[in-house]
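The values are calculated or read from the model by the stated rules, or taken from the named source; none is laboratory data. Since we're looking at a predicted model, the values are computed, not measured. Cβ placement follows ideal geometry from the backbone for every residue including glycine, while neighbour counts extend to all protein chains displayed. Just the protein is used for accessible areas: all its heavy atoms, side chains included, with ligands, DNA and RNA removed. Shrake-Rupley method; radii C 1.70, N 1.55, O 1.52, S 1.80 Å.
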Amino acid sequence: VQLQASGGGLVQAGGSLRLSCAAAGIIFGLNVMGWYRQAPGKERELVAGFLSGGSTEYADSVKGRFTISRDGAKNTVSLQMNSLKLEDTAVYYCNFRYLYTTQSYWGQGTQVTVSS
(Lines give C-alpha, C1' and ligand atoms only; values in the text may rest on other atoms or scores of the structure.)
Protein backbone atom coordinates (compact mmCIF):
# COMPACT_ATOMS: atom_id res chain seq x y z
CA VAL A 1 0.00 0.00 0.00
CA GLN A 2 1.37 3.39 -0.98
CA LEU A 3 0.11 6.59 0.58
CA GLN A 4 0.34 9.99 -1.03
CA ALA A 5 -0.46 12.97 1.14
CA SER A 6 -0.99 16.53 0.04
CA GLY A 7 -2.34 19.83 1.25
CA GLY A 8 0.15 21.02 3.82
CA GLY A 9 1.56 24.51 3.87
CA LEU A 10 1.91 27.77 5.72
CA VAL A 11 -1.14 29.41 7.24
CA GLN A 12 -1.79 32.13 9.77
CA ALA A 13 -3.25 31.32 13.14
CA GLY A 14 -7.01 31.07 12.88
CA GLY A 15 -6.85 29.92 9.29
CA SER A 16 -7.73 26.63 7.68
CA LEU A 17 -6.04 23.90 5.72
CA ARG A 18 -7.24 20.65 4.24
CA LEU A 19 -5.02 17.60 4.02
CA SER A 20 -5.73 14.71 1.72
CA CYS A 21 -4.24 11.25 1.45
CA ALA A 22 -4.80 8.63 -1.20
CA ALA A 23 -4.01 4.97 -0.73
CA ALA A 24 -2.94 3.03 -3.79
CA GLY A 25 -1.98 -0.53 -4.48
CA ILE A 26 -3.62 -3.85 -3.85
CA ILE A 27 -5.91 -3.23 -0.93
CA PHE A 28 -7.87 -6.03 0.64
CA GLY A 29 -9.46 -6.68 3.97
CA LEU A 30 -10.88 -4.44 6.61
CA ASN A 31 -8.84 -1.32 7.09
CA VAL A 32 -8.88 2.10 8.68
CA MET A 33 -7.06 5.32 7.94
CA GLY A 34 -6.06 8.25 10.06
CA TRP A 35 -3.77 11.20 10.57
CA TYR A 36 -0.89 11.58 12.98
CA ARG A 37 1.50 14.44 13.55
CA GLN A 38 4.94 14.96 14.93
CA ALA A 39 6.24 18.29 16.14
CA PRO A 40 9.96 18.94 16.62
CA GLY A 41 11.23 17.23 19.73
CA LYS A 42 7.95 15.43 20.34
CA GLU A 43 6.63 11.97 19.72
CA ARG A 44 4.25 11.18 16.92
CA GLU A 45 0.66 11.45 18.10
CA LEU A 46 -2.75 10.59 16.77
CA VAL A 47 -4.66 13.58 15.45
CA ALA A 48 -7.76 11.92 14.08
CA GLY A 49 -8.66 8.50 12.81
CA PHE A 50 -11.32 6.03 11.96
CA LEU A 51 -12.07 3.03 14.10
CA SER A 52 -13.65 -0.26 13.11
CA GLY A 53 -17.31 0.28 12.42
CA GLY A 54 -16.71 3.72 10.99
CA SER A 55 -16.59 5.75 14.18
CA THR A 56 -13.94 8.41 14.61
CA GLU A 57 -11.55 9.48 17.31
CA TYR A 58 -9.78 12.78 17.80
CA ALA A 59 -7.02 14.10 19.97
CA ASP A 60 -8.50 16.32 22.67
CA SER A 61 -6.45 19.24 21.39
CA VAL A 62 -8.19 19.23 18.00
CA LYS A 63 -11.77 18.33 18.92
CA GLY A 64 -14.20 20.82 17.49
CA ARG A 65 -11.62 22.22 15.09
CA PHE A 66 -10.57 19.29 12.91
CA THR A 67 -12.78 16.93 10.96
CA ILE A 68 -11.70 13.68 9.35
CA SER A 69 -13.56 12.21 6.43
CA ARG A 70 -13.05 9.26 4.15
CA ASP A 71 -14.11 8.22 0.70
CA GLY A 72 -14.03 4.45 0.92
CA ALA A 73 -14.58 3.91 -2.77
CA LYS A 74 -11.50 5.98 -3.57
CA ASN A 75 -9.45 4.95 -0.54
CA THR A 76 -8.83 8.52 0.41
CA VAL A 77 -8.91 10.24 3.76
CA SER A 78 -9.03 13.96 4.36
CA LEU A 79 -8.49 16.19 7.35
CA GLN A 80 -10.18 19.56 7.45
CA MET A 81 -8.34 21.76 9.91
CA ASN A 82 -10.01 24.96 11.05
CA SER A 83 -9.07 27.56 13.64
CA LEU A 84 -5.46 26.50 13.42
CA LYS A 85 -3.18 27.32 16.32
CA LEU A 86 0.55 27.74 16.58
CA GLU A 87 0.75 24.43 18.41
CA ASP A 88 -0.71 22.63 15.40
CA THR A 89 2.59 23.16 13.61
CA ALA A 90 4.00 19.73 12.81
CA VAL A 91 4.62 17.21 10.09
CA TYR A 92 1.37 15.39 9.45
CA TYR A 93 1.40 11.75 8.45
CA CYS A 94 -1.31 9.70 6.88
CA ASN A 95 -1.68 6.17 8.17
CA PHE A 96 -3.35 3.09 6.73
CA ARG A 97 -3.66 -0.12 8.68
CA TYR A 98 -5.43 -3.38 8.33
CA LEU A 99 -7.71 -4.25 11.20
CA TYR A 100 -6.80 -7.20 13.40
CA THR A 101 -3.27 -7.31 12.03
CA THR A 102 -0.05 -5.44 12.63
CA GLN A 103 0.18 -4.25 9.04
CA SER A 104 0.46 -0.48 9.00
CA TYR A 105 1.64 1.94 6.33
CA TRP A 106 2.71 5.57 6.49
CA GLY A 107 2.65 8.40 4.02
CA GLN A 108 5.66 10.60 3.45
CA GLY A 109 4.46 13.37 5.72
CA THR A 110 3.35 16.86 4.88
CA GLN A 111 4.46 19.98 6.73
CA VAL A 112 1.88 22.22 8.34
CA THR A 113 3.19 25.49 9.70
CA VAL A 114 0.96 27.91 11.57
CA SER A 115 2.32 31.42 11.98
CA SER A 116 1.24 34.24 14.26
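Both radii were evaluated on the Cα set of region 1-100; the Rg over Rh quotient, with Rh as the Kirkwood radius, amounts to 0.96. Near the amide H of Gly109, within less than 5 Å, lie the amide hydrogens of Ala5, Cys94, all on another chain or at least 5 residues away, with H placed in the peptide plane.
Per residue, the solvent-accessible area of the chain (1.4 Å probe, heavy atoms of protein chains only, all protein chains present) comes to 53 Å².
Rounded to whole numbers, the Karplus 3J(HN,Hα) couplings from phi for region 21-32 are 9, 10, 9, 10, x, 7, 10, 9, x, 5, 8, 9 Hz, using 6.51 cos²θ - 1.76 cosθ + 1.60 with θ = phi - 60°, and x at Gly and Pro. Peptides 1-8, 56-63 ranked from most to least packed, by the mean per-residue count of other Cβ atoms within 10 Å: 1-8, 56-63.
How large a share of the accessible area of the chain, in percent, is made up of carbon and sulfur atoms when the probe is 1.4 Å and the other protein chains stay in place? Carbon and sulfur together cover 51 percent of it.
Listed by chain and number, the aspartates and glutamates whose C-alpha is less than 20 Å from the C-alpha of Lys63, apart from same-chain residues fewer than 8 away, are Glu43, Glu45, Glu87, Asp88. In order along region 100-116, the phi-based Karplus estimate (6.51 cos²θ - 1.76 cosθ + 1.60, θ = phi - 60°) of 3J(HN,Hα) comes to 6, 9, 9, 6, 9, 10, 10, x, 7, x, 9, 7, 10, 10, 10, 10, 8 Hz; Gly and Pro are listed as x. With springs only between Cα atoms under 10 Å, which of Thr102, Thr89, Thr76 fluctuates most in a Gaussian network model of the chain? For the chain, modelled as a Gaussian network with Cα springs under 10 Å, the answer is Thr102. What residue among Leu79, Leu17, Leu30 has the largest mean-square fluctuation in a Gaussian network model of the chain, using Cα springs under 10 Å? Comparing Leu79, Leu17, Leu30 in a Gaussian network model of the chain, the most mobile one is Leu30. Between Leu84 and Gly14, Gly15, the built amide H atoms are under 5 Å apart, and every one of these is 5 or more places off in sequence or on another chain.
Largest mean-square fluctuation among Gly72, Gly29, Gly64, in a Gaussian network model of the chain whose springs join Cα atoms under 10 Å apart, belongs to Gly29.
Only one residue of Ala22, Thr101, Ala39 has its Cα farthest out toward the positive end of the dipole of the chain, where Lys and Arg carry +1 and Asp and Glu -1 on Cβ, and that residue is Ala22. Pairs of alpha-carbon atoms within less than 8 angstrom and 6+ residues apart define the contacts here; what relative contact order does the chain have, in percent? Value for the chain: 37 percent.
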